[in-house]
Amino acid sequence: MSFVSNARSRSLGSGGLLAGFHVPATVALSLLIVAIVLAWSVLPGLFTSYSPVVGVPADKLLGPSALHWFGTDHLGRDVYARVVYGTASSVSSALIAVVIGVVVGGLIGLISGFLGGWVDVVFARLVDVLLAIPKFLLAVIVVTAIGFETINAAIATGVSAVAIFARVTRAEVIKTRQATFVEAAYLSGGSRWFILWRHVLPNASRSVLPLAVLQFGESILVIASLAFLGYGDPPPASDWGLLISIGKDYLKWPWLVYAPAFVTILTVLSVNRISRWLRKTD
Amino acid sequence: MSNAYLTYAAKRLGQAVVVILLAYIFTFVVVSILPGDPVTSVLRNPQNGFTEEEIAEIIAAQGLDKPIIVQLWNALSGFLTGDLGMSMRSNRPVSTLIAEVLPSTLILASAGLAVALVLAMLVAYGTRFVPKKYGQGLLRGFPSLFLSVPNFVIGLMLIHIFGFQLGLFRVINPDSFWATLFAAIALGIPVSAQIAEVLIANLDREAEQEYAAVARSRGIGQARLFATHLLKPASLPVVTVVALTIGELLGGSLITETVFGRTGIGSLVQRSVSTQDLPVLQAVVSLGAVVFVLVNLIADLLYPLLDPRVKIIGGRKRSPTTADETAIGATKAVTP
């Protein structure tokens, strides 16, 4: 990767900047899908006129049709509406998980990479421990400890992501600290904290961004898994993982599983594609 | 066996012991911050029918009346001597409970790993032989597709297609050959993605090396170049990646067992979570950490012996291939 020491050097190559924003077709499609999913989570009412909670018993277990895109469930509720209304919870909890991972992990990595010495040793062992406990088991015991709710599932997922952000941030900070321009900043009288803020943090964040995007996709999967096991909000909530979990008891009517699963996979696939693209353009 | 290697081995061993102890303490802390008082809520549950004296007896026997630090000390010293305590729910030793279900999970996890390895090799080695025109891109897209599908969805799809539609296996008989195979596939597919990503990246990197260019200029065919020059250097680093996926296999088997209705460590965890059986949870999670740390220790100690390119300098592993990058790649951080 190349270093960016300040805003000026970034704007130097304006042609390079434009070239950097050339968007491949698959990435454009991924961005579109993520945009739709985000819109679902903010304004679900705009995308469906059905209620996610109240069904029409006479219309139960109908297959997908023009009226009901994803069919209806055992209570006659529109599955598409359930998916759309469940998005807010699924997406926002994944966001919370990423924020926890980035902030806590980033701080640990930043401090231990920048200060070094015994602080680094102590944090390194903590990160080792977090990495040693299988991620999903860690999320399960944390959510058991703080209670079965979607928000707690998000916190648990965030905790299990702390270690990887700490690792990557620390590596980036150490790499930047040894760069010539940081040495120059020291020599020209910059204080430790100024250099940390002005030079080290921006450079470290450049490789943390694609990782955060990737982690967003993974968090959706982990939270869906926790919801699938029943560690999230109970029904009538309609988190994607919970919808799939309910659908598994009705495998004769497979759209109850395939519709929410399809939306989950498509979202995570798009998020991963965007992360890959961010990493390439870096 | 050089002096430097022994120093490195001793250092890694010491590190592993420290991490295992800290992991135990960490789990203990997480488990004991549980809100409410699960201990007495289990014991005082009228369904269990304990009298007040019995409750006091159990609390004293489990040492739950002592200060938390004493409890930690007792638990830790028990853990070190192989005593995992008693289950709060069934009043049986935790080690017996685990030993009962361990074989089933071991079968599932090793079958899952085998599926993951075979699939990863098929995909990664395939990219060397499938020309760009005929779907190499598709093959390269597989790992990220596999990473995007939750394993319970794969499990449900397999049950739906092969169990319900084709009738290959019955869900009520989860230990049959077919049911185990499909459970292993559900478990193995997401794991294969990580291995395949690293393999593909390594193959691409080795193919760009000068020695590969020299071999090509000698007129060597694609197949021979792959077999004699690329295969070994690209595949060796996978040892470390496989070790890193052990955690994924353990965590994944928890969900796979639920989906396929198998009895195993996963179902034990599920049951202990719903009954708040803390000693069992504590034991399973810390044993998970022990397995992960030991497997990675073995991989790290084995790797310098397998790969002559790795040099040990001053007690640290140094590798001209980007071993650190592969390690991070496996945890999905950086895919070159």
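The values are calculated or read from the model by the stated rules, or taken from the named source; none is laboratory data. For clarity, every value in this text was computed on a predicted model and none was experimentally measured. Please note: Cβ atoms are built from the backbone with ideal geometry, for glycine as well, and neighbour counts cover all protein chains shown. These accessible areas exclude ligands, DNA and RNA; they are computed on the full protein's heavy atoms, side chains included. Shrake-Rupley method; radii C 1.70, N 1.55, O 1.52, S 1.80 Å.
Each part gets one Cα centre, and for the range A:142-189 versus the range B:60-128 those centres are 28 Å apart.
Largest first, the extents of the alpha carbon coordinates of the range B:67-109 on the three principal axes equal 40, 21, 14 Å. Across peptide B:106-118, the average count of Cβ atoms from other chains found within 10 Å of a residue's Cβ is 0. All C-alpha to C-alpha distances of the range B:172-213, sorted into 10 Å bins beginning at zero, yield P(r) values of 25, 27, 22, 16, 8, 2 percent in whole numbers.
Given the peptides A:61-70, A:199-208, arrange them by the average over their residues of other C-beta atoms within 10 Å, most packed first. Write down the numbers at each step before the final one.
Working: A:61-70: 14.5, A:199-208: 20.3.
Ranking, from highest mean packing down: A:199-208, A:61-70.
Expressed in units of 2.2 N^0.38 Å, where N is the residue count, the Cα radius of gyration of the range B:102-276 is 1.21. The distance linking the range A:40-81 with the range B:1-22 is 58 Å (Cα centroid to Cα centroid, whole angstrom). Taking every residue in A:253-263 and counting other chain Cβ atoms within 10 Å of its Cβ, the average works out to 2.
Chain B contacts chain A over a buried accessible area of about 4100 Å², both sides summed; the probe is 1.4 Å and only protein chains count.
Partner shielding of B:150-159 amounts to 6, given as the average count of beta-carbon atoms from other chains within 10 Å of each residue beta-carbon.
When peptides B:82-89, B:180-187, B:160-167 are ranked by their average number of other Cβ atoms within 10 Å per residue, the highest-first order is B:180-187, B:82-89, B:160-167. Excluding same-chain neighbours fewer than eight residues apart, the aspartates and glutamates reachable from A:K248 by a Cα-Cα span under 13 Å are A:D73. The candidates B:K133, A:K248, arranged from most to least accessible area with a 1.4 Å probe in the full protein assembly, appear as B:K133, A:K248. Descending by average beta-carbon neighbour count within 10 Å, the peptides A:272-279, B:12-19 line up as A:272-279, B:12-19, the highest first. Basic side chains Lys and Arg get +1 at the Cβ, acidic Asp and Glu get -1 at the Cβ, and with that the dipole of the range B:102-276 about its Cα centre reaches some 460 debye.
Where in chain A are the DSSP H helices whose alpha-carbon span along the long axis reaches 27 Å or more and whose Kyte-Doolittle mean is at least 1.0? Correct list, ordered by number: A:79-100, A:201-228. Close amide H contacts of B:M86 (hydrogens built in the peptide plane, cut-off under 5 Å, sequence separation of 5 or more or a different chain): B:V94.
For a test of the definition: using alpha carbon positions, the gyration tensor, and the 1.5 limit on a/c, classify the protein assembly as shown as rounded, prolate or oblate.
Details: a/c = 1.42, a/b = 1.15, b/c = 1.24.
Taking the square roots of the gyration eigenvalues as a ≥ b ≥ c, the protein assembly as shown is rounded.
For the range B:154-198 and the range A:118-132, what is the separation of their C-alpha centers, rounded to whole Å? Here the two parts' Cα centres lie 37 Å apart.
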